[in-house]
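Throughout, read-outs are computed from the coordinates displayed, never taken from laboratory work. Treat the numbers as computed from the prediction; the structure is a model and nothing was measured. Ideal geometry is used to build each Cβ from the backbone, glycine not excepted, and the neighbour counts take in all protein chains shown.
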Amino acid sequence: MNLHEYQAKELLQQFGVAVPRGIKVKSQQEAVEAAKQLGGPLWVVKAQVHAGGRGKAGGVKLARSLQDVEELSGKMLGSTLVTKQTGADGVKVHALLIQDGVDITKEYYLSCLVDRSKKRVVLIGSSEGGMDIEEVAAKTPEKILTLTVDPVAGIQPYQARDLGFRMGMGKKEVDQLVKVLSGVYNLFTQKDCSMVEINPLIVTTDGQVMALDAKVSLDDNALYRHKDTAEMRDPTQEDEREHIAHEIGLNYVALDGSIGCMVNGAGLAMATMDVIKLQGGEPANFL
């Protein structure tokens with residue numbers, strides 16, 4: 001289950017990771033009131049959708065006045081945002097995050113996930129923040145740094161410092177990174193996440209390390225243990241058919257084809273889809 005940016009940041013804050021001040025809104029009036037509450041003079045208006053690439057698609061805009069906030073929120077709310085991850089149909093914007101503008105001196109990348117080959121939780125860091133990490137990995141793989149965490153010992157401060165120095169951080173930033181990495185790892189393990197990503201992790205002009213943007217994905221199979229995060233599900237961001245299937249306990253994935261599949265068992269379902277493709281057809285679903 002994917003979370004919105006504002007929800008991901010709420011969780012990060014709970015685990016001691018600094019984030020810019022921000023307020024979730026659902027109307028133009030709420031957006032202006034939020035901007036007034038934050039104080040300005042610079043705000044960022046961010047569409048809250050379950051998709052990356054929002055900035056290039058017009059879903060992240062700077063506002064330098066309350067009038068800008070009102071105009072931008074009016075344009076975004078109710079619009080359909082099309083990014084490289086949404087497909088041609090796009091996703092409708094129902095909420096925005098009004099966030100403090102911050103002065104940035106450096107951007108980094110940080111994420112936490114399970115490395116299935118190592119059967120361990122790994123932290124990934126890079127000095128190339130704010131970019132598509134897949135692109136960085138393809139063009140400059142040496143800039144992708146990993147830290148494998150022992151499940152018994154957990155992440156140790158010396159490991160966090162080593163990763164920070166390898167990412168090119170100074171001592172002041174590395175000292176803060178120790179707390180950030182500990183928070184990210186604890187969030188990942190304690191909330192049963194499948195991914196926690198901060199891109200970019202920034203250093204501000206006054207030397208503060210904080211998460212400017214964040215993504216969190218939760219393991220659906222563990223949601224029964226976390227009522228608080230289970231309630232964060234946003235069905236408006238899901239395919240309607242997939243949401244209905246989820247509510248009745250079915251594993252259903254909507255596809256673009258025209259041949260419906262209802263199969264007993266995941267392995268047979270995959271094989272059935274392969275046969276359909278081999279015969280020139282297109283499956284309409286996985287079920």
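Working out 0.36 nm times the residue gap between Gln29 and Ala222, then minus their Cα-Cα distance, what length gain in nm do you get to one decimal?
Between Gln29 and Ala222, full extension yields an extra 65.7 nm.
Calculate one ³J(HN,Hα) per residue across the stretch 124-141 by plugging θ = phi - 60° into the Karplus curve 6.51 cos²θ - 1.76 cosθ + 1.60, and present them in order as whole Hz with x for glycine and proline.
10, x, 7, 7, 9, x, x, 10, 5, 5, 5, 5, 4, 4, 6, 8, 9, x
Around Lys106, which amide H atoms from residues at least 5 apart in sequence, or from another chain, sit under 5 Å from its own amide H, with H modelled in the peptide plane?
Val203
I need the chymotrypsin sites (Phe, Trp or Tyr not before Pro) found in the stretch 102-195, filtered to DSSP loop residues with at most 16 other beta carbons within 10 Å of theirs.
The qualifying sites: there are none.
If you take every residue apart from Gly90 with its C-beta less than 12 Å away from the C-beta of Gly90, what net charge results, scoring Lys and Arg +1 and Asp and Glu -1?
Counting the neighbours of Gly90, the net charge comes to +2.
Given the Cα-Cα distance of Ala254 and Asp239 and 0.36 nm per residue of separation, how much length would full extension add, in nm?
4.7 nm
Could you tell me the distance between the Cα centroids of the stretch 28-107 and the stretch 164-229, to the nearest Å?
22
Place a label point 7 angstrom from the Cα of Leu278 along the Cα-to-Cβ direction, then list the residues of the stretch 230-272 whose backbone nitrogen is under 13 Å away.
Under 13 Å, as judged by backbone N against the label point of Leu278, lie 270-272 of the stretch 230-272.
Mean residue ellipticity at 222 nm from the helices of the chain, using -39,500 (n - 2.57) per DSSP H segment of n ≥ 4 over the full residue count, to the nearest 500 deg cm²/dmol? Can you show the working numbers first?
Numbers: 9 runs with 94 residues, N = 287.
Calculated from helices alone, the mean residue ellipticity at 222 nm is -10000 deg cm²/dmol.
Under the 0.36 nm per residue contour assumption, what length would be gained going from the current alpha-carbon distance of Val152 and Ala138 to full extension?
Extra length from Val152 to Ala138 when fully extended: 1.8 nm.
Beyond 35 Å, how much of the Cα-Cα pair distribution for the chain remains, as a whole percent? Provide the component values of the computation, followed by the final result.
Details: 10124 of 41041 pairs.
Distances greater than 35 Å cover 25 percent of the Cα pairs.
Sort Val19, Val114, Val91, Val196 so that the residue with the fewest other Cβ atoms within 10 Å of its own Cβ comes first and the one with the most comes last.
Going from least to most buried by this count: Val114, Val19, Val91, Val196.
Restricting to Cα atoms and excluding each atom paired with itself, what does the Kirkwood estimate give for the stretch 239-286 in Å?
Working: mean 1/r = 0.0905 Å⁻¹.
Computed over the stretch 239-286, the radius equals 11.0 Å.
Using R₀ = 41 Å, calculate the FRET efficiency as 1/(1 + (r/R₀)^6) where r is the Cβ-Cβ separation of Phe286 and Met131; round to 0.05.
Working: r = 32 Å, r/R0 = 0.78.
With a Förster radius of 41 Å, E is 0.80.
In the chain, if the dipole is taken from +1 on Lys/Arg beta carbons and -1 on Asp/Glu beta carbons about the Cα centre, which of Leu12, Gly154, Ala95 is farthest to the positive end?
The Cα lying farthest towards the positive end belongs to Gly154.
With point charges of +1 on the Cβ of Lys and Arg and -1 on the Cβ of Asp and Glu, referenced to the Cα centre of the chain, which listed residue (Met167, Ser194, Gly53) lies farthest in the positive direction of the dipole?
The residue sitting most towards the positive pole is Met167.
Provide the per-residue ³J(HN,Hα) series for the stretch 150-157, in order, calculated from phi with Karplus coefficients 6.51, -1.76, 1.60 and θ = phi - 60°, each as a whole number of Hz, with x at glycine and proline positions.
3J(HN,Hα) across the stretch 150-157, in whole Hz: 5, x, 8, 7, x, 6, 9, x.
Starting with the fewest neighbours, write out Ile248, Ile124, Ile155 ranked by other beta-carbon atoms found within 10 Å of each beta-carbon.
By the 10 Å Cβ count, ascending: Ile248, Ile124, Ile155.
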